[in-house]
Amino acid sequence: MALTIGSLLALSFVISLIALLFLIWGITGGQFDVDQRDANIIFTADDAVNHKDRDHRFDTEAAGIDEVSRGPVRVLIASAILWLVLGSIFGLISSLKMHWPDLLDQWAPLTFGRLRTLHLNAVAYGWSSLGSLAAVMWLIPRIFHTPLRFPRLPLYGAVIWNAGLAAGLIAIALGWTDGLEWLEIPWQIDGALAVGGALFAIPLIASALSRQVNHIYVSGWYFIAALCWFPVLFIIANFPYVHSGAEQAAVNWWFAHNVLGLWLTPLGVGIAYYFIPKIIGKPIYSYSLSLVGFWGLALFYSQVGIHHLIGGPVPTWLVNVSIVHSVMMFLPVIAVAVNQHVTMVNNLWALRDSYPLRFVWLGALMYTAASLQGSVEALRSVNTIAHFTHYTVGHAHLGVYGFVAFVLFGFVYEVGPRLVGRPWPWPALIPLHYWLVLVGFAIYFVALTVGGWLQGKVMLDALRPFADSVTLLKPYLEARSLGGTLMTLGHFIFAFHVAALFMQRAPQTLARTAA
Amino acid sequence: MNRVFPLAILALAILAFATLVLVVAPGLQVGAVGPTPGLQPYTAQQLRGRDQYVSLGCVYCHSQQPRSLAQAPDSDRGWGRAAVASDYYYDRPHLLGTMRSGPDLFNIGARLPSQGWQLTHLYQPRAIAPWSIMPAYPFLFVHKDKAETGDVVVALTQNYAPKSGVIVARPEALDLVAYLQGLKHDQPPPASAPRDAGYDRGAER
Amino acid sequence: MNGQNGQHRSDEHFEPYEEERGIPAPFYLGAFGLLLWGVSVFIMDREPVMPLASPNPTTGGQHLPSQPPRALGQPMPALAADPAALAIIAGGKGAAWACSSCHGLAGEGADAVPRLAGLSAAYITKQLNDFAAGTRVNDSMRVVALALSPEERTSLGAAYAAMAAPTVAHAMLGGDLKRGAQLATAGDDAKGLAGCFTCHGDQGLGVDPDFPALAGQPAAYLDQQLLFWTSGLRHNSPDTMMNDIAKALSDADRRAVSDYIAGLPPPDPHAIAE
């Protein structure tokens, strides 16, 4: 058989998979050997070595390791929520404009093409990124048993990142944009986000190097990798005057899917990996699966981007690479799913008790769902229907909202009182927020999934005029606006509650929570 | 896993490998093919219009990449032949798009070549198609009492026309329309130009 | 349950960790299956067996028994046409855009825009009336037709009928031209299809007033109209004849016949007059 691109690709695919398996096998083997001895080294002699659950205890409050990271985490949470509120408003108006097209059409910054872009950038780079970074900065001391190193850097990072993002959004509103989806912020401003990202990476790596435990908990792997990946991704994709034409489209989607897969996803998964067992008080199912999940994500997720160009003007082999890797994402996703959901399902009682856990676990569940859906969506037969439709928009929100935002809501509710030393002022607002965003998002997702699928079917039917795909979609777009309104309401309540918690002056004792 | 640097280096190495496959290799392959023979570079006015297209975010609802007939009836809708990489030689930024809330515009210059139609449609899409959900772009136009020499007046039906005076296109609108009129891809594509042929294999034509 | 809750609350200092279970066996099975699938995708999809569907490009017309094409020269407007109609063609009227802005200065048409030059006056007028009445559906032409008075529609029909213009159409859908020629001239008995030219005249030059000339219409326009006839979106023929014919055409046949007819020399009122 002649050597074709296909057989070369198949060969490199097999080699990289075998390398991955060897790597995991090697690490697991080594880990199992030392783990027992590690346990003896790390924990004081009084901790009964045989009593496993008691080995894994670390009193952060007593150790006082939050002292230096409190400030940065507070700033990050506050700014993330500010972007969430702004981004929700932008998103809601964009959604309304899709069925009331003459709404607010007199001023260019309020046109759909710009508002939608403001929405995406505000929630992706503002809320999701900064919120996740807040969680990372909060968790670093807990994972590494040591105070955050260089605690001023995240503060500077937050300032630079926020300033860059604000400047970027203003530029987009005024029509100055790089014009690529997910990369709209002008490259002249992008430097701020790259530098800001690096300023978060340094404290993370420094704290990891001076950690007081031998083993790095799985959340730590995800955080370290994500913070290494982001600046590289962002700089390559934004490098001006290098990319053009169809090649630029490939770069565009390589980046756009990596900003999800190698930035928001590892951060979100890492946070869920911490809070699910932490709140339940039971360990994660399997260390080996954690490894598969992590390295599988790195290897497969990094090559899925071109499934956004299926049927498009890029080489066939390139599309095939992304399709195969998209489907291979089943492996890490199932590994993570087993790890997180088995722990949860065995302890369902905890859900009743804890709204933070509900948020985080539902987020993790929607991560599993979004990823499996994404793998299937990359198949040629499905993609030909779903591509170019609102089905994709529903899918994107299942990932970025259902997963990342829900995990972050849970994080803020769990950590808020510990951050400021006061209980939530109105605990009843938490379930209100929960049900508003849950019901709102369910309406949102179902409407776009069903509507988008029908839209795709019409567009594939040569006998139906294009206009049919538009008129058919209208009720679904209206339902989306209804869902979006509920979600936005939930965000307002959330923002109000957090603001009240942060700004409360009267000293209160935690005892009031019990009351 | 207990070591930070091997973890970070391996993670970055995997990203570098992905970059090689998804960015560098296609860049080389696509870069080796020049423009589609007969494809005209944009004029200065079309480039200004293209900037409007980018800045107003048209790409979020309009793709510019018809698929082959083996996959979808895009050509039957008059959207043009299946796009190949060399059709985008002069495009920076690329505007392939991922949504079809509106129709594909790869061949709009051949499908709807009328400047007058495009201006009316930009001023108020529902003046032409009542079902349209496209935004109106009134800020690309100006309301005048009387057209002056050189003004391009927008043709409007009574229910959308101003009570008195005329609607005149601003230069931004004229540039944008010039760009749209230039979007014609009827040149035969070179055989060497890449495109995803994954649907064309053995398909009934 | 309560006891567990209590324990949960008090367990503030629990630190997450992973147990040392191995990877479940079904997971290996799944991984192996996915791996095989992935390899097979790469190996099997190495090269497309069939070339692109569409780029069987502009040269389609060369197979045809063609008359020498009219030299591309100055467009030739109608000699004795109503000046008011010519003004609408060149400059539009009210809400109606200039006809020429889409259909070309000489009514020659464009990629997916129909050719009007040399079509029968009665046919053009009827279509304009149908657009206005909504019996032929087209958003843009509806706006145009409603802006024109019945007299203007009539005089526009006459003006275009008298025009001659070089062809701009060519085969562009990748259709099989031999099959197209067969369908146009002889039809397909097996499918119960008479040849197009049986009604639309020798070489598709049209038979007044009900059967418009087809020759030289852009392939994409013909293809699209046949689809509209198939779906019933277009239904303004005297009976359902065109709907029935279009429904009998497969996708490949529709493209073949559209490509073939596009390559034919268009009607030329001046030649007839000579």
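What the table shows:
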quantity	calculated
Criterion (surrounded by 20 or more Cβ atoms within 10 Å (Cβ to Cβ), touching a residue at least 60 places away in the same chain (Cβ under 8 Å) and over 23 Å from the mean Cα position of the chain (by Cα)) met by exactly one of A:LEU429, A:LEU473, A:LEU408	A:LEU473
Some residue of the stretch A:387-394 being crowded, with 24+ Cβ neighbours inside 10 Å, within 14 Å of chain B (Cβ to nearest Cβ), touching a residue at least 12 places away in the same chain (Cβ under 8 Å) and touching a His at 6+ places or on another chain (Cβ under 9 Å)	yes
Out of A:GLY164, A:GLY191, A:GLY197, sole residue that is small (Gly, Ala, Ser) and at pLDDT 95 or above	A:GLY164
Number of positions in the stretch A:309-333 that are closer than 25 Å to A:TYR274 by Cα and more than 7 Å from every other protein chain (Cβ to nearest Cβ)	3
Considering residues of the stretch A:330-357 that are among the hydrophobic types (A, V, I, L, M, F, W, C) and open to solvent by less than 10 Å² (accessible area, probe 1.4 Å) only, the residue farthest from the chain's Cα centre (by Cα)	A:ALA350
Members of the stretch A:283-302 found to be in contact with a Gly (Cβ under 6 Å, 6 or more places away or on another chain) and either assigned to a loop (DSSP other than H, G, I, E, B) or open to solvent by less than 10 Å² (accessible area, probe 1.4 Å) (or both), listed by number	A:SER288
The stretch A:163-193, residues that are surrounded by fewer than 20 Cβ atoms within 10 Å (Cβ to Cβ) and in a helix (DSSP H, G or I)	A:ALA163, A:ALA166, A:ALA167, A:ILE170, A:ALA171, A:ALA173, A:TRP187, A:GLN188, A:GLY191
Qualifying residue in the stretch C:172-181 (condition: under 24 Å from B:TYR160 (Cβ atoms) and either part of a helix (DSSP H, G or I) or open to solvent by less than 20 Å² (accessible area, probe 1.4 Å) (or both))	no
Every residue from the stretch A:119-148 that is surrounded by 21 or more Cβ atoms within 10 Å (Cβ to Cβ) and part of a loop (DSSP other than H, G, I, E, B)	A:LEU148
Those helices (runs of 4 or more DSSP H) lying entirely in the stretch C:212-274 with at least 3 residues among the hydrophobic types (A, V, I, L, M, F, W, C) and over 21 Å from B:LEU112 (Cα atoms)	C:241-248, C:251-262, C:269-273
Within the stretch B:1-106, helices (runs of 4 or more DSSP H) holding 3 or more residues that are open to solvent by 10 Å² or more (accessible area, probe 1.4 Å) and in contact with a Ser or Thr (Cβ under 9 Å, 6 or more places away or on another chain)	B:4-19
Sole residue being within 9 Å of another protein chain (Cβ to nearest Cβ) and among the β-branched types (Val, Ile, Thr), chosen from A:ILE235, A:ILE280, A:ILE271	A:ILE280
Criterion violated by A:PRO277 - all others in (1) in a helix (DSSP H, G or I); (2) open to solvent by 10 Å² or more (accessible area, probe 1.4 Å); (3) within 21 Å of C:ARG21 (Cα to Cα); (4) not hydroxyl-bearing (Ser, Thr, Tyr) satisfied	(2)
B:GLN65, sole failed condition from (1) touching a Gly at 6+ places or on another chain (Cβ under 6 Å); (2) within 9 Å of another protein chain (Cβ to nearest Cβ); (3) farther than 30 Å from A:HIS99 by Cβ	(3)
Where A:PHE359 falls short, out of the listed (1) touching a residue at least 40 places away in the same chain (Cβ under 8 Å); (2) closer than 21 Å to A:GLU181 by Cβ	(2)
Residue match in the stretch B:84-101 (condition: in contact with a Cys (Cβ under 7 Å, 6 or more places away or on another chain) and away from chain C (no Cβ under 13 Å))	yes
Subset of the stretch A:151-162 (residues that are open to solvent by 10 Å² or more (accessible area, probe 1.4 Å) and either part of a helix (DSSP H, G or I) or closer than 19 Å to A:GLY91 by Cα (or both))	A:ARG152, A:LEU153, A:LEU155, A:TYR156, A:VAL159, A:ILE160, A:ASN162
Within the stretch C:137-151, tally of residues that are part of a helix (DSSP H, G or I) and in contact with a strand residue (DSSP E or B) (Cβ under 6 Å, 6 or more places away or on another chain)	1
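Residue by residue, here is whether (1) more than 7 Å from every other protein chain (Cβ to nearest Cβ); (2) within 21 Å of B:GLN52 (Cα to Cα) holds:
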residue	(1), (2)
B:ILE108	yes, yes
B:ARG111	no, yes
B:GLY116	no, yes
B:ALA129	no, no
B:PRO135	no, yes
B:ASP151	yes, yes
B:THR157	no, no
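Table: residues versus (1) within 12 Å of chain B (Cβ to nearest Cβ); (2) over 27 Å from A:ALA206 (Cβ atoms).
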{"position": "A:ALA122", "(1), (2)": "no, yes"}
{"position": "A:SER129", "(1), (2)": "no, no"}
{"position": "A:THR146", "(1), (2)": "no, no"}
{"position": "A:LEU153", "(1), (2)": "no, no"}
{"position": "A:TRP161", "(1), (2)": "no, no"}
{"position": "A:ALA166", "(1), (2)": "no, yes"}
{"position": "A:LEU174", "(1), (2)": "yes, yes"}
{"position": "A:ASP178", "(1), (2)": "yes, yes"}
{"position": "A:TRP182", "(1), (2)": "yes, yes"}
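Yes or no, residue by residue, for (1) in a helix (DSSP H, G or I); (2) over 24 Å from C:ASP251 (Cα atoms); (3) hydrophobic (A, V, I, L, M, F, W, C):
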site	(1), (2), (3)
A:VAL412	yes, yes, yes
A:GLY416	yes, yes, no
A:PRO425	no, yes, no
A:LEU432	yes, yes, yes
A:TRP435	yes, yes, yes
A:GLY440	yes, yes, no
A:TRP453	yes, no, yes
A:ASP468	yes, no, no
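The values are calculated or read from the model by the stated rules, or taken from the named source; none is laboratory data. These numbers were taken from a predicted model, which means no experiment stands behind them. A quick note on method: Cβ atoms are made from the backbone with ideal geometry, for glycine too, and the neighbour counts reach across all protein chains shown. To get the accessible areas, we keep the full protein, side chains included, count just its heavy atoms, and leave off ligands, DNA and RNA. Shrake-Rupley method; radii C 1.70, N 1.55, O 1.52, S 1.80 Å.
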